[in-house]
Amino acid sequence: MTSISPQLTRLPAKLRGEWVCRWNRNVWDGTVSCPEPFVILILTRLQTELLWAKSLPSKSNSLQLTLDIFPVSKTEPHIQFLFSSGTGAFIQGVTAELPDREFRPSIQTPETFDTGFVLPFTCVDFVEPLEFSFVCLAKPDVVVRRRYVWGLKPRFLGDLEPPWNKIFPRSRNGAASLEGSVVSTNI
């Protein structure tokens with residue numbers, strides 16, 4: 001776990017979910033819940049790039065978190081990953097070769113955790129590493145703008161390191177270069 005900023009509100013959160021087989025594909029379908037409203041930033045780390053997307057704020061103090069492993073071939077283990085949270089955050093178009101079509105990576109996130117930390121979700125490391133992570137942030141730490149796009153409040157932005165200083169003030173999704181950035185191996 002990596003802290004984004006020591007000033008962020010820490011709330012207890014829970015992750016619950018399981019692998020299910022839907023339409024000939026493996027889907028990890030779960031829910032993150034917290035005692036207060038919150039948002040989720042989902043992350044996918046490729047070799048030198050970090051893909052990110054922001055969820056809409058929670059309405060019922062819980063948000064869905066899903067990793068869909070979608071085969072793009074009827075016979076080969078070439079897979080497309082669809083990582084999403086709630087109705088606003090989607091990372092898609094990330095592909096990899098897996099050992100077989102039934103592969104299910106282990107979920108690395110603990111069942112209980114605090115908001116404000118980058119949590120490793122899962123890692124697929126066959127040809128090149130592919131890491132999935134997420135961050136939950138308490139709603140009082142963010143500013144919700146037009147169309148429910150949120151960013152960290154200005155008081156938190158001053159001490160952020162790259163790539164966080166590019167991700168948190170910006171739009172709903174994007175990509176950040178990791179070359180020259182100080183980022184832990186578990187984003």
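Can you name the number of the only condition in (1) farther than 23 Å from Phe81 by Cβ; (2) surrounded by fewer than 14 Cβ atoms within 10 Å (Cβ to Cβ) that Lys153 fails?
The single condition Lys153 does not satisfy is (2).
If I ask for residues that are open to solvent by 80 Å² or more (accessible area, probe 1.4 Å), in a strand (DSSP E or B) and farther than 19 Å from Arg22 by Cβ, which ones from the range 87-110 would you list?
Residue satisfying the conditions is Glu97 alone.
Name the residue, out of Leu15, Leu56, that is part of a strand (DSSP E or B), touching a Phe, Trp or Tyr at 6+ places or on another chain (Cβ under 8 Å) and either surrounded by 13 or more Cβ atoms within 10 Å (Cβ to Cβ) or of a type outside the set (Asp, Glu) (or both).
Leu15
Could you please let me know if Thr44 is out of contact with any Pro (no Cβ under 6 Å at 6 or more places or on another chain), assigned to a strand (DSSP E or B) and surrounded by 21 or more Cβ atoms within 10 Å (Cβ to Cβ)? Break it down stepwise before answering.
Details: out of contact with any Pro (no Cβ under 6 Å at 6 or more places or on another chain): yes; assigned to a strand (DSSP E or B): yes; surrounded by 21 or more Cβ atoms within 10 Å (Cβ to Cβ): yes.
So Thr44 fits the description; yes.
Please go through (1) of a type in the set (A, V, I, L, M, F, W, C); (2) free of Cβ contacts under 8 Å to residues at least 24 places away in the same chain; (3) surrounded by 15 or more Cβ atoms within 10 Å (Cβ to Cβ) for Trp23 and return the number of the only condition it doesn't satisfy.
(3)
If you go through the range 26-40 one residue at a time, do you hit one that is within 21 Å of Arg101 (Cβ to Cβ) and among the polar types (S, T, N, Q)? I'd like the intermediate steps shown before the answer.
Within the range 26-40, the first condition is being within 21 Å of Arg101 (Cβ to Cβ), and the residues that meet it are 26-29.
Imposing the further condition that a residue be among the polar types (S, T, N, Q) reduces the set to 26.
Looking for residues that are within 21 Å of Arg101 (Cβ to Cβ) and among the polar types (S, T, N, Q), one finds at least one in the range 26-40, hence yes.
All but one of (1) open to solvent by less than 10 Å² (accessible area, probe 1.4 Å); (2) in contact (Cβ under 8 Å) with a residue 60 or more places away in the chain; (3) aliphatic (A, V, I, L, M) hold for Ile69, so report the exception by its number.
Among (1) open to solvent by less than 10 Å² (accessible area, probe 1.4 Å); (2) in contact (Cβ under 8 Å) with a residue 60 or more places away in the chain; (3) aliphatic (A, V, I, L, M), the lone unmet condition for Ile69 is (2).
Taking the condition of being in contact with a Ser or Thr (Cβ under 7 Å, 6 or more places away or on another chain) and either closer than 17 Å to Ile69 by Cα or assigned to a loop (DSSP other than H, G, I, E, B) (or both), how many residues in the range 111-126 meet it? Explain how you work it out, then say what you get.
As a first pass, look at the range 111-126 and keep what is in contact with a Ser or Thr (Cβ under 7 Å, 6 or more places away or on another chain): 115-122.
Within this subset, residues satisfying the condition of being either closer than 17 Å to Ile69 by Cα or assigned to a loop (DSSP other than H, G, I, E, B) (or both) are 115-116, 121-122.
Total satisfying the criteria: 4.
Would you call Leu130 in contact (Cβ under 8 Å) with a residue 60 or more places away in the chain and closer than 25 Å to Pro12 by Cα?
Numbers: in contact (Cβ under 8 Å) with a residue 60 or more places away in the chain: yes; closer than 25 Å to Pro12 by Cα: no.
Answer is no for this residue.
The values are calculated or read from the model by the stated rules, or taken from the named source; none is laboratory data. Quick caveat: nothing in here was measured; it's all calculated off a predicted structure. Ideal geometry is used to build each Cβ from the backbone, glycine not excepted, and the neighbour counts take in all protein chains shown. Calculation scope for accessible area: heavy atoms of the full protein, side chains included, ligands and nucleic acids excluded. Shrake-Rupley method; radii C 1.70, N 1.55, O 1.52, S 1.80 Å.
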